[in-house]
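Asks: Below are the structure tokens for one structure; questions will follow.
The values are calculated or read from the model by the stated rules, or taken from the named source; none is laboratory data. Keep in mind the model is a prediction, meaning the values are calculated, not measured. Glycine gets a Cβ as well: all are built from the backbone with ideal geometry, and neighbour counts include every protein chain shown.
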Amino acid sequence: MAHVITNRCVDTKDQSCVEVCPVDCIHPSSDLDGQEEFDAYPQLYIDPEVCIDCGACVPECPVEAIFYVDDVPDEYESDIAANREFYQKWLPK
Ligand code: SF4
Ligand code: SF4
């Protein structure tokens, strides 16, 4: 299980969630991955293999984009796969 970032993140991308994640499983971020990687994607994603479900990121998000996987609203259901698939393709530089 894991937390999921929905596409509500698009256009905000303020990285507040990255700062509080204890296991650095939110990417791509300018601090962890470089500005070029951060700019190359429309939103951030949570690595479901690394997230420990601490929930620290949820209240930090100004647009309420982050949900526990079982609580993702129906309209954002496809974002569960989008977070997983990001990490199947993306390789940290
Ligand atoms: S729930 Fe915790 S471990 Fe998972 S992404 Fe959020 S801050 Fe990181
Ligand atoms: S805090 Fe919310 S809007 Fe900001 S980067 Fe994280 S998920 Fe996106």
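Asks: Name the residues in segment 1-54 that are over 19 Å from Tyr76 (Cβ atoms), acidic (Asp, Glu) and near ligand 2 (Cβ under 10 Å from one of its atoms), would you?
Replies: Glu19 - this is the single residue of segment 1-54 that is over 19 Å from Tyr76 (Cβ atoms), acidic (Asp, Glu) and near ligand 2 (Cβ under 10 Å from one of its atoms).
Asks: Here is a list: Glu85, Glu75, Glu19. Which entry is free of Cβ contacts under 8 Å to residues at least 40 places away in the same chain and either part of a loop (DSSP other than H, G, I, E, B) or over 14 Å from Ala2 (Cβ atoms) (or both)?
Replies: Every option except Glu75 fails the conditions.
Asks: What's the number of the only condition in (1) farther than 20 Å from Met1 by Cβ; (2) among the β-branched types (Val, Ile, Thr); (3) away from ligand 2 (no atom under 11 Å from the Cβ) that Val69 fails to meet?
Replies: Single failed check for Val69: (1).
Asks: Looking at segment 1-49 only, could you name the residues that are closer than 13 Å to Trp90 by Cβ, of a type in the set (A, V, I, L, M) and over 11 Å from the mean Cα position of the chain (by Cα)?
Replies: Hits for segment 1-49 are Leu32, Ala40.
Asks: From the list Val58, Val72, Val23, pick out the single residue that is modelled with pLDDT of 95 or more, within 16 Å of ligand 1 (Cβ to nearest atom) and in contact with a helix residue (DSSP H, G or I) (Cβ under 7 Å, 6 or more places away or on another chain).
Replies: Answer to the selection: Val72.
Asks: Among the residues of segment 1-36, what is the count of those that are among the charged types (D, E, K, R) and surrounded by fewer than 17 Cβ atoms within 10 Å (Cβ to Cβ)?
Replies: Number of matching residues: 6.
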